[in-house]
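Below: one structure, written as C-alpha cells.
Only the coordinates and a few stated rules stand behind these numbers; no lab work does. The shown structure was predicted, so the numbers you read here are calculated from the model rather than taken from an experiment. Positions of Cβ are generated from backbone atoms using ideal geometry, with glycine treated the same way; all protein chains shown enter the neighbour counts.
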Amino acid sequence: MSDRPWSGSIHSQAHQRERSSPISSHQITTKSWFYSVLGIYLVSGLSISAWLVRVPAIAQELNLSAGPLGLLLLTQTVGAFLSVSASGMVVMKLGAQKTLWLTFALMMVGGLGLAVGVSFLHSVLVAGIGLGLFGLGQATYSVGANVQGAAVERALKKQRMPLMHGCFSIGTVIGSIVGTAMTAVGVSVFWHMLSVYIVAIILVVLSLRNTRHEGEDIHPGTTGLMAIVSSDEGQGTFTIRHAWSEKRTVLLGIFVLGMALAEGSANDWVALALTDGYGASASVGAVGYGLFVAAMTTGRLLGTGLLNMYGRVAVMRVACILAVIGLGTFVVSPWIGLGMVAIFVWGTGAALGFPVGMSAAADDPFRASARVSVVSTVGYGAFLGGPPLLGVLGEALGVRNGLAVVLVLVVVSLCLVPQLTSPDRRNRPEPKDEPARWVNEGEDLADEDTTERPMSMDDALRARKRHGDKNGDES
C-alpha cells in the first residue's frame, strides 16, 4: 500500500467522507502511521502495568487477604472475557480507529475508578466495578490494535508485528519501573495511576490522530476494518461468521492459542513454579519472571529482522522448537540454574508466536479484518482463560507439572507452522498476461519461497481485477 490513493473499486461514499475529513488518511504517511501504532501498543502496556504493579498496595488499602484479592482481580478477567467474545463484531462494525478511541476511554474510566475506590472510598465494590470496566475496554482495545498493526504492516510490505508487540512489553517494563519508584517514595495508588494515565491519554491522542481513518469509511458492504475498498466484487460480504468457517483461519487460531498459552502461563505462574517446584525464594521467583519478560522483549525486537530475512515458516519453526525445549526443560530439570536458562529459552521461543499469527491472518487485505478479529479472539481467550485452568491443574499436580499441558499445545503449534504461509503464494496460479507478484517491485521472485511479506492493497486490487476480468470473459 503506497501513500497515494488506492486504485481499484472504492466506495464513492468513502471518498466523499475522506474529502470532508479535516485530515485525509492519505495525507498521513505510512511511516507516521507505523510510529503511531507503536504508540498505541506502548500505551496498552503502560495502562495495564499501572495497576498490576500496585496489587500489593491495593490489597493493603482494602484489607484483603489472598482469597478476596483473587476474587477482586477476577472482575477484570470476567470483563475481558465478555469483551473479547464480542470484540470481533465491535471492531468490524466501528472500525479499528473508533474502537480504539472508545475502548481506551473505557480503560481510563475503569482504571481511575479502581484508583478512587482504593485510595479514597476504600470500597471493594467500587474497585471491582473499575477493574471490570478496565477489562471490558482492554481486551477489545487489543484486538483493535492488532487490526491496525496488520494494516500498517501491509502498507510497509515488511514484517513489523513483533516489533509492535515488543512495544507493549516495553510499556509494561516502563510502567513497572515507574510503579516501583512511586511505591518507594510513598505515592498513593490514585496519584500514581492518575499521572500515568495522563501520559497515556496524551500518547493515545497523538497516536490516533496519525492513524489511517478506516473507522470513518465503514460501509455495510465492506469488511469494515481494513479498508474503504469493497470486498463484495461479485463475491458477497465477508463476515466474522465466514472467517470462523475457514479451515486455515481456525488452524491459525489454534496455532496462536498454543503460543499465547506459552506466554500467558509464564506471566502468571513462572514465579510460583520456581518457588513451589524448585523450592526457590520469592526473590528468585521474581527474577525468573523478569528473565522471561526480558527474553520476550528481546525476541520481539530482534525477531522482526529475522522474519524479513528468512520468512515466517523458517523462523517460527525454530521459535516453536526453542519454546518446546525451554518449557520442557523447565518442567523436568532437577537444577534451578538449568531451570533459569530454560526460562530464557522458553521466553525467546514464545515471543513471536502471537504477532506472527496476526500477520498471517491478515494476508488477504479484503478479508483481513474478520480473520484478524477471529485469531485475536482465540489468542486473548487463551491469555485470559488458560492461567486459571492451569491453577486448577497446579493445585492437583503441582504448578511445574501442570505446565506440561502447555508443552503439549506448543507442540501442536509447531505442527501448524506451515499454515503461516500465505495460501495465495502457495496455490494461486500465475495469469498469462503477467506474473503474479506478491513481493516488492524489482525484487527477485525467487525470494517468495523463503520470505513472507504482506501482500499490498495495490497488488490485491490488481489480482481482484484480473479475477473479475477472467470471470467476465468466461461469461
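Brief remarks on what is shown
- Computed E for LEU302/ILE325 - FRET, C-beta separation, R0 25 angstrom, nearest 0.05: 0.85
- At q = 0.13, 0.18, 0.21 Å⁻¹ the log10 of I(q)/I(0) for segment 260-404 amounts to -0.59, -1.02, -1.26, computed by Debye summation with a single uniform scatterer per C-alpha, solvent ignored.
- Sorting 133-145, 185-197 by average packing, meaning the other beta carbons within 10 Å per residue, from highest down gives 133-145, 185-197.
- Dipole magnitude for segment 25-228: computed about the Cα centre from +1 point charges on Lys and Arg Cβ and -1 point charges on Asp and Glu Cβ, it is near 500 debye.
- Of the chymotrypsin sites (Phe, Trp or Tyr not before Pro) found in segment 285-335, those that fall in a DSSP loop while having at most 14 other beta-carbon atoms within 10 Å are TRP335.
- Taking a sphere under 10 Å around the Cβ of GLU246 and counting the other residues whose Cβ falls inside, with K and R at +1 and D and E at -1, yields a net charge of +4.
- Legend: calculated FRET efficiency, VAL205 to LYS93, from the Cβ-Cβ distance at R0 = 22 Å, rounded to 0.05, equals 0.45.
- Put simply, segment 25-228 fits an ellipsoid with semi-axes of 32, 18, 13 Å; these come from the alpha carbon gyration tensor as the roots of five times its eigenvalues, largest first.
- The modelled label-to-label distance between ALA404 and ASN267, using points 7 Å beyond Cα along the C-beta direction, is 2.7 nm.
- Legend: calculated FRET efficiency, ILE336 to LEU121, from the Cβ-Cβ distance at R0 = 51 Å, rounded to 0.05, equals 0.70.
- For the peptides 405-416, 109-120, the ranking by packing is 109-120, 405-416, with the highest mean count of neighbouring Cβ atoms within 10 Å listed first.
- Segment 25-228: relative contact order as a whole-number percent, Cα under 8 Å and 6+ apart: 40
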